[in-house]
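Report on the structure given below.
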Amino acid sequence: MWWSDTPSTNGRDVIIISCIGSRKDSITYCFDDDILWCGCFKGILLKFAEQVKKYHAENPQFLKEYLGAIEYIKSLMKEDTKWGY
């Protein structure tokens, strides 16, 4: 059985990006609430970007994967819900 602390979508706009980063895990992002889940991280997209830059500064491959996913998520945001990004 697969378990995750990621809540059900309940009609919210959500994206899941799989097989990414150091753990080949998933990123789940909720556009409506600006909440991102990845491994033990749960928080806003901006804080995730800060953590990625801090923890993967020495690994260009993982840094590229995570930052690419962040940019992709930002590109999909509706103009009225860009959370200041």
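The values are calculated or read from the model by the stated rules, or taken from the named source; none is laboratory data. Note that the structure is a prediction, hence the values are computed from the model and not measured. Note that each Cβ is placed from the backbone with ideal geometry, even for glycine, and that neighbours are counted across all protein chains shown.
Determine if region 23-35 includes at least one residue that is out of contact with any helix residue (DSSP H, G or I) (no Cβ under 8 Å at 6 or more places or on another chain), at pLDDT below 95, loosely packed, with under 11 Cβ neighbours inside 10 Å and not basic (Lys, Arg). No, region 23-35 contains no residue that is out of contact with any helix residue (DSSP H, G or I) (no Cβ under 8 Å at 6 or more places or on another chain), at pLDDT below 95, loosely packed, with under 11 Cβ neighbours inside 10 Å and not basic (Lys, Arg).
Of the residues making up region 46-75, just one is aliphatic (A, V, I, L, M) and surrounded by fewer than 11 Cβ atoms within 10 Å (Cβ to Cβ), namely ALA57.
Looking across region 12-22 at every residue that is more than 26 Å from ASN59 (Cα to Cα) and not basic (Lys, Arg), the one that is modelled with the lowest pLDDT is identified as ASP13. Being in a loop (DSSP other than H, G, I, E, B) and surrounded by 14 or more Cβ atoms within 10 Å (Cβ to Cβ) is the filter here; which residues of region 6-21 pass it? Correct list: THR6, ASP13, GLY21. Note on region 28-41: residues that are over 10 Å from the mean Cα position of the chain (by Cα) and farther than 18 Å from SER18 by Cα total 2.
Restricted to region 42-73, and to residues there that are without any contact (Cβ under 8 Å) to a residue 12 or more places away in the chain, not acidic (Asp, Glu) and not in a helix (DSSP H, G or I), the residue that is nearest to ILE16 (Cα to Cα) is GLY43.
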